[in-house]
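In what follows, a structure is listed as structure tokens, so that the remarks can point back to it.
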Amino acid sequence: MRTPLIAGNWKMNGSAALIESFGKTFASAALPANIDVVVIPPFPYLDAARHAFSNTPLQLGAQTLNPHHSGAHTGEVSGSMLKEFGVAYVLVGHSERRQLYRESDEQVFDRLLAALDTGLTPILCVGETLEERDAGRTMDVVLRQVGYIMARLAPEQRLQIVIAYEPVWAIGTGRTATPEQAQEVMAGIRAYQAGFDASLAEQLKLLYGGSMNASNAAELLAQPDIDGGLVGGASLKTDDFYAICQSAG
Ligand code: PEP
């Protein structure tokens with residue numbers, strides 16, 4: 001049985017007030033038993049969030065990390081620094097990083113490996129653009145992104161990652177993949193993993209991301225291969241994010 005995971009990616013948003021609001025709401029929250037909830041704020045908020053969330057079930061994630069542990073990399077943050085400040089998860093390969101900052105599969109892999117090396121759980125984001133979907137290339141693109149990483153990992157490392165399927169055309173657009181569209185791709189990712197190892201495929205946690213909100217979450221999360229959600233915009237509203245977490249039970 002895979003434990004549902006809901007992760008809220010604040011991107012370059014948030015405030016001290018939002019951290020406080022999450023801390024208050026989730027301290028008294030009656031979340032479904034056995035779900036993991038992760039908040040992923042910008043770096044400067046991590047330490048404040050760690051303190052504000054100490055009486056809540058919320059865990060912490062980071063939005064990226066540098067592959068190096070320390071040194072002359074001005075502006076960057078390493079996995080060991082994140083770990084020291086209570087971070088448990090880190091996004092790698094988010095489409096905004098791939099598109100705006102030109103992160104290649106190779107760079108995504110280096111970051112993912114650094115996450116594993118420092119004991120963080122990487123959430124590997126994959127997904128096709130609208131152009132790629134319209135050209136009928138969705139599965140090729142997604143499996144290339146997944147395959148690049150999986151082929152380079154040792155069997156025990158493959159068990160330590162979470163994969164988020166995020167169709168690029170659905171991120172921040174208000175245009176959600178239908179549950180059937182999401183399920184089709186995510187079943188394909190799981191079937192691909194079965195080629196490495198059937199028990200890996202069974203255990204692998206798959207999240208859907210792309211305009212998930214309080215109204216569409218339950219239907220998406222009811223799909224057999226969707227184990228949770230990576231939520232952007234709706235994670236900036238405490239009540240909406242709380243409602244999404246409720247749908248995951
Ligand atoms: C995201 O940032 O990963 C995301 C899915 O954003 P949104 O929910 O706003 O589409």
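Dimensions of segment 1-132 along the principal axes, based on C-alpha atoms and rounded to the nearest Å, stand at 42, 37, 29, largest first. For the chain, adding -39500 (n - 2.57) for each run of n ≥ 4 DSSP H residues and dividing by the number of residues yields -11500 deg cm²/dmol at 222 nm. Of all aspartates and glutamates in the structure, the ones whose alpha carbon falls short of 13 Å from that of K205, not counting any fewer than 8 places away in one chain, are D36, D225, D227. When +1 charges are put on Lys and Arg Cβ atoms and -1 charges on Asp and Glu Cβ atoms, the dipole computed for segment 44-179 relative to its Cα centre reaches about 180 debye.
Of the peptides 151-157, 103-109, the order by per-residue mean of other Cβ atoms within 10 Å, starting with the highest, comes out as 103-109, 151-157.
In this simple spin-label approximation, R50 and M1 carry label points 7 Å from Cα along the Cα→Cβ vector, and these lie 3.2 nm apart. Across segment 5-247, the mean sequence separation of Cα contacts (distance under 8 Å, 6 or more residues apart), normalised by length, yields a relative contact order of 20 percent.
On the principal axes of its alpha carbon atoms, segment 9-49 extends 30, 17, 15 Å, with the longest extent given first.
Express the C-alpha Rg of segment 33-72 as a ratio against the empirical globular expectation 2.2 N^0.38 Å, rounded to two decimals.
After normalising by residue count via 2.2 N^0.38 Å, the value is 1.41.
Across every direction, the projection of the convex hull enclosing the Cα atoms of segment 5-247 has a mean area of 12.3 nm². Protection proxy ranking for 60-69, 75-84, using the average of other Cβ atoms within 10 Å per residue and placing the highest first: 60-69, 75-84. Binning all Cα-Cα separations of segment 191-249 at 5 Å, short to long from zero, yields these whole-percent fractions: 4, 20, 26, 19, 12, 10, 7, 3, 0.
Computing Rg and the Kirkwood Rh from the Cα coordinates of segment 92-183 gives a ratio, Rg/Rh, of 0.98. Here the dipole of the chain is about 320 debye; that uses its Cα centre as origin and unit charges on the Cβ of Lys and Arg (positive) and Asp and Glu (negative).
No value in this document is a laboratory result; all are computed from the given coordinates. As the structure is a computational prediction, the values presented were derived from the model and not from experiment. A quick note on method: Cβ atoms are made from the backbone with ideal geometry, for glycine too, and the neighbour counts reach across all protein chains shown.
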